[in-house]
Protein chains: 2
Amino acid sequence: MQIKLADSCGFCFGVKRAIRLAESNRDSITMGELIHNHRETERLREGFGVRIANSICEIASNSRVIIRTHGIERETRAKLGEITQDIIDATCPYVTKPQKIAETMSGEGYFVVIYGDRMHPEVKGVLSYAGERAAVVADAKELLSIKTGDRVALISQTTKAISSFNLIASALLERVSELRIFKTICNATFENQEATRNLAKEVDMMIIVGGKNSSNTKQLYTIAKEVCSQSYLIEDATELQAQWFSGKSVCGISAGASTPDWIINEVIKKAKDF
Amino acid sequence: MQIKLADSCGFCFGVKRAIRLAESNRDSITMGELIHNHRETERLREGFGVRIANSICEIASNSRVIIRTHGIERETRAKLGEITQDIIDATCPYVTKPQKIAETMSGEGYFVVIYGDRMHPEVKGVLSYAGERAAVVADAKELLSIKTGDRVALISQTTKAISSFNLIASALLERVSELRIFKTICNATFENQEATRNLAKEVDMMIIVGGKNSSNTKQLYTIAKEVCSQSYLIEDATELQAQWFSGKSVCGISAGASTPDWIINEVIKKAKDF
């Protein structure tokens, strides 16, 4: 099997930074999963003693705590500050940005619309900075049920698709008199999406590697599937199935921003042998 | 001939206000044409001694000067202040708004895009408040030749069509990372356009009455023409032509925001007789 890897895929700047912080702070606790990749967080636990706390109640006083790349809610951050002062903020700077925008826009009286998955920790975090007059929408249709008032600020989860974001902006424009649009989708997302789309056009099948709870990975899978119907989403090489490769000659591989190289390499190695 | 008048047409709030100011300030000078209607400004000259100065050089010291509904350029306003302190500002408040937005946005470092006719006095006025980093565009295509940078504020001439404004907003959104959109098209424009569009659907022919240099009148004519091919733009009843009415039974009439009722009534009266 011939393998082609996407020109841009895998670890982004924010994830690399967070892992560096975790590796250099042995035996610390991450507030939620540091990144959306079980095997990598498992590696950090085994190799560096970095454990995950799923709730603030699990954190003992004065522990060293690392805030996850996706950021945490404002209230959680405040409570954390009462438990410990030893906090390392691994929130991706591209996530801190929409948090700050949400806070500023809310302060200036704008209704804040966030395009994203309302159950995703990044979105929960950003929403917590947006005050009472705010809503999360998954698509333009969801705007219909929301009363936004006449002055609206629109931001996006960093890992969403720009095409849907633009549709939401256009739908908002129809109904408000002032609209502020902040394109907070990060560059790594743009580049990985573009590279995945291009690669999917020239292969017989696509494998997307990444956490199934990873927003940007799911987005890559959606894009690959649009272009190449034979696309599969896996967390690691153990999920590869021989029948996917039957009758195919070129396999494209891409990976989410939270997928480490060692997992991608395992997948490449195994896929080659089919 | 059966005549139907548009549900909303003729003098808007800003024009009524300006004429009230002119009538109550006999023998004053207007800086440019107070409104875009020659016959009405002629009436103000004959009945109230209100003359038009086309340039600041024509204004004697300490004259009473009325600023036109469309506003004037910032530099002209400053020079005017050196010639006289007796200034009455008849700038429509809906025009003052985009002037202020242009000034604020420019001050905050945004590139200012103005959708409008670059030769129109209102647009010249608004542009003068937007600083160096600003451009006027007549449509989305014109954006291609402009370097805007990454943070852009978009405003509109008060009398343009919202559909084109939204197209420009969408085109800008494709290329900038932060976009502020201010819908500065005024309500009277919306209402007159909507009423003209509705009327044009149910008649055999349309007459649009208004100054041929009036932006909102021209816009009404464009809209009428889109729906009803037999549409005509006239400044007053003298321009009506018998052959337009031949074989028609219902004539719709609409008028720009600067067209006085007495001109509309003359047109109705004459059209009825065809």
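The values are calculated or read from the model by the stated rules, or taken from the named source; none is laboratory data. Note that this is a predicted model, so its numbers are computed, not measured. Virtual Cβ from ideal backbone geometry, glycine too; neighbours counted across all protein chains shown.
Within the stretch B:207-258, count every residue that is more than 13 Å from B:CYS9 (Cα to Cα) and outside any helix (DSSP H, G or I).
Counting residues in the stretch B:207-258 that are more than 13 Å from B:CYS9 (Cα to Cα) and outside any helix (DSSP H, G or I) gives 21.
For the structure I just gave you, tell me whether B:HIS70 is under 22 Å from B:THR259 (Cα atoms), crowded, with 20+ Cβ neighbours inside 10 Å, in contact with a Gly (Cβ under 7 Å, 6 or more places away or on another chain) and at pLDDT below 95.
It is false that B:HIS70 is under 22 Å from B:THR259 (Cα atoms), crowded, with 20+ Cβ neighbours inside 10 Å, in contact with a Gly (Cβ under 7 Å, 6 or more places away or on another chain) and at pLDDT below 95.
From the list B:GLY252, B:GLY256, B:GLY210, exactly one residue is small (Gly, Ala, Ser), buried (at least 20 other Cβ atoms within 10 Å of the Cβ) and farther than 27 Å from B:ALA138 by Cβ. Which is it?
From the options B:GLY252, B:GLY256, B:GLY210, the qualifying one is B:GLY252.
Does any residue of the stretch B:119-139 turn out to be assigned to a loop (DSSP other than H, G, I, E, B) and touching a residue at least 60 places away in the same chain (Cβ under 8 Å)? Explain how you work it out, then say what you get.
Just the residues of the stretch B:119-139 that are assigned to a loop (DSSP other than H, G, I, E, B), to begin with: B:119-120, B:129-133, B:138-139.
Those still in the list that are touching a residue at least 60 places away in the same chain (Cβ under 8 Å) too: B:120.
Checking the stretch B:119-139: at least one residue is assigned to a loop (DSSP other than H, G, I, E, B) and touching a residue at least 60 places away in the same chain (Cβ under 8 Å).
Would you confirm, using the coordinates I've provided, whether A:ALA134 is touching an Asp or Glu at 6+ places or on another chain (Cβ under 7 Å) and over 19 Å from A:MET31 (Cα atoms)? Give the derivation first.
On the way: touching an Asp or Glu at 6+ places or on another chain (Cβ under 7 Å): no; over 19 Å from A:MET31 (Cα atoms): yes.
Against the criterion (touching an Asp or Glu at 6+ places or on another chain (Cβ under 7 Å) and over 19 Å from A:MET31 (Cα atoms)), A:ALA134 does not qualify.
Can you find a residue in the stretch A:177-197 that is crowded, with 24+ Cβ neighbours inside 10 Å and of a type in the set (Gly, Ala, Ser)?
no
Do we have any residue at all in the stretch B:162-172 that's in a strand (DSSP E or B) and not aliphatic (A, V, I, L, M)?
No, because not a single residue in the stretch B:162-172 is in a strand (DSSP E or B) and not aliphatic (A, V, I, L, M).
So which of A:ARG197, A:ARG175 ends up being under 24 Å from the mean Cα position of the chain (by Cα) and either more than 14 Å from chain B (Cβ to nearest Cβ) or outside any helix (DSSP H, G or I) (or both)?
Only one candidate qualifies: A:ARG197.
Being modelled with pLDDT of 90 or more and more than 7 Å from chain A (Cβ to nearest Cβ) is the filter here, so list the residues in the stretch B:178-192 that pass it.
B:THR184, B:ILE185, B:CYS186, B:GLU191, B:ASN192, listed by residue number.
For the stretch B:202-219, state whether one or more residues are within 14 Å of chain A (Cβ to nearest Cβ) and more than 30 Å from A:THR184 (Cα to Cα).
Scanning the stretch B:202-219, I find no residue that is within 14 Å of chain A (Cβ to nearest Cβ) and more than 30 Å from A:THR184 (Cα to Cα), so the answer is no.
Take the stretch A:157-167 and flag every residue that is crowded, with 24+ Cβ neighbours inside 10 Å and either within 11 Å of chain B (Cβ to nearest Cβ) or among the β-branched types (Val, Ile, Thr) (or both).
Hits for the stretch A:157-167 are A:THR158, A:THR159.
Can you name the residue in the stretch A:226-249 that is crowded, with 17+ Cβ neighbours inside 10 Å and among the β-branched types (Val, Ile, Thr) and, of all such residues, is nearest to A:GLU191 (Cα to Cα)?
Filtering first and then ranking leaves A:VAL227.
Within the stretch A:87-113, how many residues turn out to be surrounded by 13 or more Cβ atoms within 10 Å (Cβ to Cβ) and in a loop (DSSP other than H, G, I, E, B)?
Qualifying residue count for the region: 4.
Working only within the stretch B:147-167, note down all residues that are closer than 18 Å to B:MET119 by Cβ and modelled with pLDDT of 95 or more.
Hits for the stretch B:147-167 are B:ILE155, B:SER156, B:GLN157, B:THR158.
Tally time: how many residues in the stretch B:9-61 are touching a residue at least 12 places away in the same chain (Cβ under 8 Å), surrounded by 19 or more Cβ atoms within 10 Å (Cβ to Cβ) and not in a strand (DSSP E or B)?
Counting residues in the stretch B:9-61 that are touching a residue at least 12 places away in the same chain (Cβ under 8 Å), surrounded by 19 or more Cβ atoms within 10 Å (Cβ to Cβ) and not in a strand (DSSP E or B) gives 21.
Right, B:SER145: more than 27 Å from A:ILE155 (Cα to Cα) and either surrounded by fewer than 21 Cβ atoms within 10 Å (Cβ to Cβ) or touching a Pro at 6+ places or on another chain (Cβ under 7 Å) (or both) or not?
Numbers: more than 27 Å from A:ILE155 (Cα to Cα): yes; either surrounded by fewer than 21 Cβ atoms within 10 Å (Cβ to Cβ) or touching a Pro at 6+ places or on another chain (Cβ under 7 Å) (or both): yes.
Considered against the rule, which asks whether it is more than 27 Å from A:ILE155 (Cα to Cα) and either surrounded by fewer than 21 Cβ atoms within 10 Å (Cβ to Cβ) or touching a Pro at 6+ places or on another chain (Cβ under 7 Å) (or both), B:SER145 comes out as yes.
Could you list all residues from the stretch A:198-217 that are farther than 17 Å from A:GLU40 by Cβ and not β-branched (Val, Ile, Thr)?
Once the filter is applied, which keeps residues that are farther than 17 Å from A:GLU40 by Cβ and not β-branched (Val, Ile, Thr), the stretch A:198-217 yields A:ASN198, A:LEU199, A:ALA200, A:LYS201, A:GLU202, A:ASP204, A:MET205, A:MET206.
Hey, does the stretch A:254-262 have a residue that's among the polar types (S, T, N, Q) and out of contact with any helix residue (DSSP H, G or I) (no Cβ under 8 Å at 6 or more places or on another chain)?
No.
From B:LYS225, B:LYS218, which residue is over 18 Å from B:ILE35 (Cα atoms) and among the charged types (D, E, K, R)?
One residue alone meets the criteria, B:LYS225.
Check A:VAL176, A:VAL209 and return the single one that is out of contact with any helix residue (DSSP H, G or I) (no Cβ under 9 Å at 6 or more places or on another chain) and of a type in the set (A, V, I, L, M, F, W, C).
After ruling out the rest, the residue left standing is A:VAL176.
Do the conditions hold for B:TYR129, that is, is it away from chain A (no Cβ under 13 Å) and among the aromatic types (Phe, Trp, Tyr)?
yes
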